[in-house]
Amino acid sequence: MDIAVDPEWWKTLFDEIYLLTDARSIKDSEATRREVNAVCELIPIHPEHRILDLCGGQGRHSLELCKRGYKRCTVLDYSNHLVTHGKALAASLDHPINFIQGDARSTGLSSGTFDHVLIMGNSLGYSPGIDADISILAESYRVLRRGGWLLIDVANGTNAKAFFNPNVWHEINSDILVCRQRKMNENSISTREMVISKEKGLIRDRTYSIRLYEPESLAALVEGAGFTNIRVYPDFSPHQSKEDYGFMNHRVILTGQKP
Ligand SMILES: C[S@@+](CC[C@H](N)C(=O)[O-])C[C@H]1O[C@@H](n2cnc3c(N)ncnc32)[C@H](O)[C@@H]1O
């Protein structure tokens, strides 16, 4: 079985259907709270700090940070749908979050302006080569002030291989179910995702592929981008149940500092 993937799949996948297919993670406020607890424990974050939530989607981590008094958050994401959705959410909660639609490889943000850059919820490894991730790390380094911290939270490749399941499905609600067929490659997992509405029929049939990082290869990549004081926390699981959460459980968190 081969799963053909458009290398630019990530430019169009993160829409209103993604908000359904990954709702178990991205709409689970308890999981988001656990993820933000980890941020607050692992890097020295203060309410006056400027935080860049890079590839931040609809800004769920920034919304939670803002709730806790960290009011200087910027969310940058490629998906116009998620940025628009996040802006509306933040406005409804009166949270002063700056949302930007943009490319994390070249943000256009000023150099040295952020105290922390967060890349959370498995937002690396989307392009077939490693160059896109190297560019995202170089950009994170550039926009951080000296002494600022980077925090990355991605699927742990070692765990993703150990828990690999080629066929999974789950129900979102009484109408919609998500079926995923996966293929393990040398450094990545390709997935065909079908979303089926019992009422309307097939509403999505898409493929995507995610590069896997073992804790060691992630640390080497971040070190190569110039970061120091690198620490790796290899088994972060915001979900307690044994269900298959795609790439959203058994993750690795890495922190590093711009010297
Ligand atoms: C799995 S989602 C996670 C979103 C968010 N961090 C969270 O945890 O809810 C991955 C996000 O990365 C964004 N993304 C991937 N590559 C990007 C790039 N080069 N520039 C900007 N955003 C990107 C996607 O648009 C998507 O919203």
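The values are calculated or read from the model by the stated rules, or taken from the named source; none is laboratory data. Everything quoted here is computed from the prediction, not taken from an experiment. Glycine also receives a Cβ, built like all others from the backbone with ideal geometry; neighbour counts cover every protein chain displayed. SASA here: full protein model, heavy atoms, side chains in, ligands and nucleic acids out. Shrake-Rupley method; radii C 1.70, N 1.55, O 1.52, S 1.80 Å.
Suppose we keep just the DSSP beta bridges with both residues in the chain; what percent of those would be antiparallel, to 5?
Expressed as a percentage, antiparallel bridges in the chain total about 70.
Kindly write out, for the stretch 130-135 in residue order, the coupling ³J(HN,Hα) from the Karplus curve 6.51 cos²θ - 1.76 cosθ + 1.60 (θ = phi - 60°), rounded to whole Hz, with x marking Gly and Pro.
With coefficients 6.51, -1.76 and 1.60, one gets 8, 4, 5, 5, 4, 5 Hz.
Loop sites only, by DSSP: take the trypsin sites (Lys or Arg not before Pro) in the chain that have at most 15 other C-beta atoms within 10 Å and name the longest stretch containing none of them.
Here the longest segment lacking exposed loop sites spans 69-197.
To test your reading of the geometry: what angle, between 0 and 90 degrees and rounded to tens, separates the Cα axis of helix 29-42 from the longest principal axis of the chain?
Computed tilt is about 30 degrees.
Amide H neighbours of Ser188 under 5 Å, counting only residues 5+ apart in sequence or on other chains, H built in-plane at 1.01 Å?
Under 5 Å from the amide H of Ser188: Leu212.
Where the centroid of each part is defined by its Cα atoms, how far is the stretch 177-203 from the stretch 9-49 in Å?
First find each Cα centre; the distance between them is then 21 Å.
Ignoring ligands, DNA and RNA, please state the percent of accessible area on the stretch 164-219 from carbon and sulfur, probe 1.4 Å.
Carbon and sulfur atoms account for 49 percent of the accessible area of the stretch 164-219.
How large is the Kirkwood hydrodynamic radius of the chain, counting all unique pairs of alpha carbons, in Å?
18.6 Å
So what J values fall out for the stretch 183-200 if you push phi through Karplus, 6.51 cos²θ - 1.76 cosθ + 1.60 with θ = phi - 60°, rounded to Hz, Gly and Pro as x?
For the stretch 183-200, the Karplus curve yields 10, 8, 10, 4, 10, 8, 10, 9, 10, 9, 10, 10, 10, 10, 9, 5, 7, 9 Hz.
Say R0 is 51 Å: what FRET efficiency, to the nearest 0.05, do Arg146 and Ala4 get from their beta-carbon distance?
In this case the efficiency is close to 0.70.
Filter Lys87/Lys258; Lys67/Lys258; Lys67/Lys161; Lys27/Lys198 down to the pairs with a C-alpha to C-alpha distance above 32 Å, please.
Pairs exceeding the cut-off: Lys67/Lys161.
Taking GluC sites (Glu not before Pro) as candidate sites, keep only those in a DSSP loop with at most 11 other Cβ atoms within 10 Å, then name the longest stretch of the chain containing none of them.
Values: sites that count: Glu8, Glu48, Glu186, Glu199, Glu243.
Formally, the longest exposed-site-free interval is 49-185.
Residue by residue, what Karplus-based ³J(HN,Hα) values in Hz, rounded to whole numbers, does the stretch 106-118 have, using 6.51, -1.76 and 1.60 with θ = phi - 60° and x for Gly and Pro?
7, 7, x, 7, 5, 5, x, 9, 10, 7, 9, 10, 10
Say we join alpha carbon atoms closer than 10 Å with springs in a Gaussian network model of the chain; which of Pro234, Pro96, Pro215 then has the biggest fluctuation?
Top of the fluctuation ranking is Pro96.
Would you mind working out the accessible area per residue for the chain, using a 1.4 Å probe, and quoting it in Å²?
Heavy-atom accessible area per residue stands at 44 Å².
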